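Since every read-out is calculated from the coordinates, none of them should be taken as a lab result. Only a predicted model underlies this, so the values are computations on that prediction, with no experimental measurement involved. Cβ atoms come from the backbone with ideal geometry, glycine included; neighbour counts cover every protein chain shown.
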Amino acid sequence: MMRMRARLLVLQVLVLALLVLLTVRLWQVQVVRGHEFVTRATETRTRTVIVPAVRGQILDSSGRPLVRNKTALVVSVDRAMLVRMPDGGVKVLRKLSAVLGRPVSDLQQRITPCGPGVGKPCWTGSPYQPVPLDEKVDPRKALQILERQEEFPGVTAEIHSVRQYPGGRAGAQMLGYLQPVTEQELEQREGLKASFSGVDLAGRDGLEYVYDDALRGKAGRRTVQVDRMGKALGVEHQVAPVAGDHLVTSIDSRIQAVTERALTKAMKSAPSADGGAAVVLDARTGRVVALASAPSYDPEIWAGGISARGYQWLLSEKSGKPLVSRAINGQFAPGSTFKISSVAAMLRAGYPLNGNYPCPGSVNVGGRAFNNFRGIPLGTLSLHTALVKSCDTIFYKAAYEQYLKDGGRHPKKPPKEVFANMARAFGFGRPTGVDLPGESAGRIPDRAWKKDLWNRTSAVSCERSRKGYPEVKDRARAEFLKRLALENCTEGFLLRPGDSANFSIGQGDVLVTPMQLARAYLALVSDGKLRSPRIAWAQVRPDGKVVRTFPVPVVGKLPISEKERLYIKNALSQVAADGTAAGAFAGFPMDKVRVGGKTGTAEVWGKKDTSWFASFAPTKNPQYVVVAMVSQGGMGSQTAAPAVREIYEGIYGIKRPAAVPGGKLVTKLPTFRPDGTVAPG
Amino acid sequence: MTARTAVIQRPSLLRRMTAENSTLRRLDGLMLVAVAGLCVIGTLLVWSSTRTWAPGSTGLVKKHLLNEVIGVVLCAVVTTVDHRAMRAYAPLVFLVSLVGLGLVLTPLGATINGSHSWILLGGGFAVQPSEFAKVGLVLVIAMLLAQPAEGSDRPRGLDVVLAILAASVTMGLVMLQPDLGTAMVLAVITASALILGGVRKRVIALLAAVTAAGVFAVFAFEMLEPYQVARFTAFVDPSVDPRGVGYNSTQSLIAIGSGQLLGKGLLGGGQTTGRFVPEQHTDFIFTVAGEEFGFLGSVTVVLLLGVVLVRGLKIARRCEDRFGTLVAGTIVCWFGFQTFINVGMTIGIMPITGLPLPFVSYGGTATFANLIAIGLLQAIKLRGQSFN
């Protein structure tokens, strides 16, 4: 018995030791590392589902929606649930495909998470987020799914909000569109990952892109407790979504409609026209009142995810690339509309404001004859008349004289380049800074630009100057091209006399966008200050509180005196009445609304002329600056000027009801009721 | 005389029960309180972990309570039996348990949770003979080793051989089910009885060597089911397959760890509610205690089990006959092993083994066997020691 008792004692020590071991380990697991396991428990036990926020509307200056939300029945599939089915959910998808009328393979691809080797249309969101399969479901089809839930496990039909465009194609490029966020964007834009789901869309172009942060709101998150099988047991924690703010713009939807109609009509009137734009600015504030680009498209095409074919169509030559806004991305030679800059340049170069200038049919520029339009001499003119009648030779001569003053082919350092610098002062050659993405800068072909171009192209042109153009059939043309190549090779870095002459009348290599031209005219006819136009006017919370207003930044000042500015403006005031646009404005009641402006007809090699008309009205204390451009539209007075006339007729109600009463723009922000709707009046 | 006799009245029942040297007073009250506490905790945990099986149900609580009541009755009955008399019944009890194990292998047996360990009784009741076999083996081995050789306090060689034979047959039948966990408990029971019984150290060393060789052979010749090997692999490195074998140990660690110091409260454990830990009402019930009652609660469970063990050892030491001491000591080793393995596997210091936590886990036969063992301990306490 003694031996037994001794061994029992050893056993007791062993038991106590093991109990202590268990206790110590429990202390370590539960107390020391407890919070670590709490985190891991939360990860395994909960799934976070993102509740999308309602996106703010884009409104016009009176609070009319340009982009609004409509509720749509969205059919979504819980992929996690399908995957757990014995057949991987194939049966459910097959049934769903029958109801929705879409192939199973398409549905399958849409719910597969994007990854290496899985291309669009794949699912970019969280694997626990229901995947929206169809955003335009017929309520009857949705009802079929909801009523027979047992046949469609994991499939839901819910009400979501989708974008709607009351104006149809109007301003489609300006408004932009929404697309699901890509994985790449999630990585790039910080903070996006936390607040985004695949249900949420991000603005991809236009105002939707620029003001995405304001419009988007904050997605809510619902933390759902799940069991081992992923079945939801209940909501553990919920953060309600915060609806996005509304964006009030200075766009007047009525004037926008008038502008779209006028542009469409102008495009139709010119048989070769392949693109056009119209810009209406508020001359008193620098805000954008209407912005149209043709051809346009129906932005509804983006709803529910664009098909690959639809996207290709939008980018194709056949459709005329309607995604491209000609107003901010169309770069064309401005023709005579550019002369406002050239007159100002002449004044800066010392040419007298009240001088008399001969306007012969032709002038010699560096050994080459540069002609007036159709070679017609117009006698001796004041600068005023030179603008009204659009004399070219006066500008050729002045530009050539300044060219020679700068040293001609052997430029002084630094050259003064009066014409190019004045163009810059008018805002050409750089983006206007309008609140739209991807704006083009245009081009001012000065000496530096020439040199830069030559650096990039001389190798090719030098080779061509040796080898010629054997592939060109027309021998005379091939010979001409070879000579041109030689010239480009040997002295392409030099600004030639002809370059400077062409530049002065807005021909040759100079390129401007309609928006640039509009703001240049705005500076000229308002207060001489160059502005960065704005479309956004105010950001308004859903409850009606104005979060902020967007001022129109002044970015420069025209380097001309007030007297000179008014002189030029005054000259332009006569163009529509007596000048080159008189034909287009025949019968327009100038006594009621006097319209000033300048036509432009820019030659494009191998194509029809670009038709321009830059205008303002009323000439006394202008309210509007309207610029129209039709690519391959012919003469300015033929296509663009009539379009502008029609816009004014619409605004002021000539021969029809006025778009805006008395032609007056809304000057006060719309008032919102606390529920976010716009109060009338 | 008769008049005198009439004067001496029998004390009232209450008096008798509370008298200085009454049976009730001589029971090990502390152990009984600990066992009762474990049973109550077990009932709560079974409720918490099985109520989610169907909405609005109480899960297996009622059945568990019934099991406990039956177990308490069995315990009381066993307590009233003189353990020395039990020596005589030991072979019978052992044979009955062997028959039970044999029946499992006939078409009467049923498979539940991958183990062919059950005999269905109908009405939703089933018995697990391997649990009774623990009791049977404890008794028969103690009986064999309790009779020392002439002039020695070591058991006779023949008895040792018989004991090992009895153990081998029982373990063999259990391994056929297969139930590795119970077989290990049986091995521990046999080993502890041999050691406590006074078998020579070199014999024990030899037996240990033979066992080690046997275990090696089992692994070497791939006699184990793949899942059993996988459990050991996963224990060595849980990251091998966190979704598969390692899942159990990972999830039980998460459940217990997330309970922290004070726990999430009864029915408040999200991991338990979500049933992330498998078998959380039986083998993994300690995870529920860890999550819902926290460190304080889970240590309480360990402490209560510790009380049972320490009191059991005290009974073994105080017992004056070899049989009683051997039975008590062997039972303590059985409970101790099962406690350590079960709690250890939930907190990642032991491999995953299908063993229930004594008095806490759901399971009828196990509850019966455990409470019968407590009855044995109490019976030994009552009669195995002199009253001074």
For this session: Return B:86, A:346, B:345 ranked ascending by Cβ neighbour count within 10 Å, so the fewest neighbours appear first.
Result: B:86, B:345, A:346
Problem set entry | Förster-model FRET efficiency, 51 Å R0, residue A:412 and residue A:321, C-beta, rounded to 0.05 | 0.70
Seminar exercise, completed: Debye calc, one equal point scatterer per Cα of chain A, no solvent, log10 I(q)/I(0) at q = 0.09 1/Å comes to -0.87
Exercise. Going 7 Å from the Cα of residue A:143 toward and past its Cβ, which residues in the stretch A:72-86 have a backbone nitrogen under 20 Å from where you end up?
Worked result: A:72-76
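Which helices pass in chain B if a helix is a full DSSP H run, must span at least 18 angstrom along its long axis by Cα, and must have mean Kyte-Doolittle hydropathy not below -1.0?
For chain B, where a helix must reach 18 Å along its axis and average at least -1.0, the hits are B:29-50, B:61-80, B:83-105, B:129-145, B:157-175, B:180-196, B:201-220, B:245-257, B:285-318, B:322-346, B:364-383.
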Exercise. Want the number for residue A:368 to residue A:90: 0.36 nm per residue separation, take away the alpha-carbon distance, what's left?
Worked result: 92.4 nm
For this session: List the residues of the stretch A:329-371 whose backbone N lies under 19 Å from a point placed 7 Å from the Cα of residue A:452 along the Cα-to-Cβ direction.
Result: A:329-334
Exercise. When the helices in chain B are scored as -39500 (n - 2.57) per DSSP H run of 4 or longer and the sum is shared across all residues, what 222 nm value do you end up with, to the nearest 500 deg cm²/dmol?
Worked result: -22500 deg cm²/dmol
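Treating the beta-carbon of each Lys and Arg as +1 and of each Asp and Glu as -1, no other charges, what is the dipole magnitude of the protein assembly as shown about its Cα centre, to the nearest 20 debye?
About 1820 debye.
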For this session: Please list the radius of gyration and Dmax for the stretch A:1-75, considering alpha-carbon atoms only, with Å as the unit.
Result: 32.5, 104
Exercise. Taking only the alpha carbons of the stretch B:34-154, what extent do you get along each of the three principal axes, in Å, biggest first?
Worked result: 67, 39, 22
For this session: Could you tell me the distance between the Cα centroids of the stretch A:513-555 and the stretch B:297-313, to the nearest Å?
Result: 80
Exercise. Calculated FRET efficiency, residue A:238 and residue A:20, Cβ-Cβ r, R0 51 Å, to nearest 0.05?
Worked result: 0.70
Exercise. How many times 2.2 N^0.38 Å is the alpha carbon radius of gyration of the stretch A:335-504?
Worked result: 1.17
Exercise. When the Cα centres of the stretch A:592-651 and the stretch B:126-146 are compared, how far apart do they sit, in Å?
Worked result: 108
Seminar exercise, completed: From fewest to most C-beta neighbours within 10 Å, the residues A:562, B:292, B:20, A:603 line up as B:20, A:562, A:603, B:292
Problem set entry | Least to most buried among A:493, B:221, A:37 (fewest other Cβ within 10 Å first) | B:221, A:493, A:37
For this session: Could you pull out the pairs from A:265/A:339; A:339/A:397; A:412/A:451 whose alpha carbons sit more than 24 Å apart here?
Result: A:265/A:339
Exercise. Which whole-angstrom value gives the distance between the alpha carbon centres of the stretch B:188-224 and the stretch A:374-424?
Worked result: 112
For this session: Quote to one decimal, in nm, the extra length available between residue A:475 and residue A:655 on full extension: 0.36 nm per residue of separation minus the C-alpha distance between them.
Result: 59.2 nm
Exercise. Scanning chain A for helices, which whole DSSP H stretches are 20 Å or more long along the axis (Cα) and average 0.0 or more by Kyte-Doolittle?
Worked result: A:2-26
For this session: Evaluate the distance, in nm, between pseudo-label points positioned 7 Å from the Cα of residue B:80 and of residue A:460 along their respective Cα→Cβ axes.
Result: 11.1
Exercise. If Lys and Arg each add +1 and Asp and Glu each add -1, what is the summed charge of the other residues whose beta carbon sits under 10 Å from the beta carbon of residue A:366?
Worked result: +2
Exercise. Spin-label point model (7 Å from Cα, Cβ direction): what's the residue B:210 to residue A:301 distance in nm?
Worked result: 8.8
Exercise. Over the Cα atoms of chain B, Rg to Rh with Kirkwood Rh, two decimal places?
Worked result: 1.00
Exercise. Using a basic spin-label model with each label point 7 Å from the Cα along Cα→Cβ, how many nm lie between residue A:578 and residue A:6?
Worked result: 13.6
Seminar exercise, completed: In whole µm²/s, the translational diffusion coefficient that Stokes-Einstein assigns to the stretch A:244-367, given a Kirkwood hydrodynamic radius over C-alpha pairs, 37 °C and 0.692 mPa s, equals 177
For this session: Report Rg(Cα)/(2.2 N^0.38 Å) for the stretch A:1-127, keeping two decimals.
Result: 2.15
Exercise. How big, in percent, is the set of alpha carbon pairs in the stretch A:270-327 lying more than 15 Å apart?
Worked result: 58
For this session: Grab the beta carbon distance between residue B:14 and residue B:88, set R0 = 51 Å, and tell me the FRET efficiency rounded to 0.05.
Result: 0.90
Problem set entry | Of A:415, A:394, A:359, farthest towards positive along the dipole that unit charges on Lys, Arg, Asp, Glu beta carbons give the stretch A:335-504 | A:415
